[in-house]
Amino acid sequence: MDGRTEFAASSNGDRCFLNRDAATGRSIVLHRGSPASGGHGTRLSANAFVAHRSFRPQHDALLAVPARLA
């Protein structure tokens with residue numbers, strides 16, 4: 001996943017990245033679990049991530065990405 005931007009990391013080792021899906025051009029979020037939990041990854045559209053993770057620190061971190069990239 002080249003070009004991904006990490007936007008959140010938790011104290012337990014989970015990490016969240018923003019990227020663009022090469023096939024569709026849409027923004028996607030990759031959530032990578034901590035190594036201790038097996039390190040499994042989940043991919044969601046950015047819109048689905050925001051809808052499912054509202055009011056969590058990762059939600060706020062994703063919404064702050066455009067300001068960090070400007």
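The values are calculated or read from the model by the stated rules, or taken from the named source; none is laboratory data. Keep in mind that this is a model prediction, so the values were computed, not measured. Don't worry about glycine lacking a Cβ; one is built from the backbone with ideal geometry, like all the others, and counts go over all protein chains shown. These accessible areas exclude ligands, DNA and RNA; they are computed on the full protein's heavy atoms, side chains included. Shrake-Rupley method; radii C 1.70, N 1.55, O 1.52, S 1.80 Å.
Annotations
- Near pairs, Cβ below 6 angstrom, 6+ apart or cross-chain, from the stretch 27-40 (on the phi > 0 side of the Ramachandran plot) to any residue that is exposed (fewer than 10 other Cβ atoms within 10 Å of the Cβ) and modelled with pLDDT of 90 or more: none
- Among the residues of the stretch 16-26, the one identified as open to solvent by 30 Å² or more (accessible area, probe 1.4 Å) and either in contact with a helix residue (DSSP H, G or I) (Cβ under 7 Å, 6 or more places away or on another chain) or touching a residue at least 40 places away in the same chain (Cβ under 8 Å) (or both) is L18.
- Restricted to the stretch 3-44, and to residues there that are part of a loop (DSSP other than H, G, I, E, B) and among the basic types (K, R), the residue that is nearest to Q58 (Cα to Cα) is R4.
- Some residue of the stretch 55-64 being in contact with a strand residue (DSSP E or B) (Cβ under 6 Å, 6 or more places away or on another chain), open to solvent by 40 Å² or more (accessible area, probe 1.4 Å) and either β-branched (V, I, T) or at pLDDT 90 or above (or both): no
- Residue pairs whose Cβ atoms lie under 9 Å apart, sitting 6 or more positions apart in sequence or on different chains, and linking a residue in the stretch 3-15 that is of a type in the set (V, I, T) to a partner that is surrounded by 12 or more Cβ atoms within 10 Å (Cβ to Cβ), are T5/F17; T5/L18; T5/N19; T5/V65.
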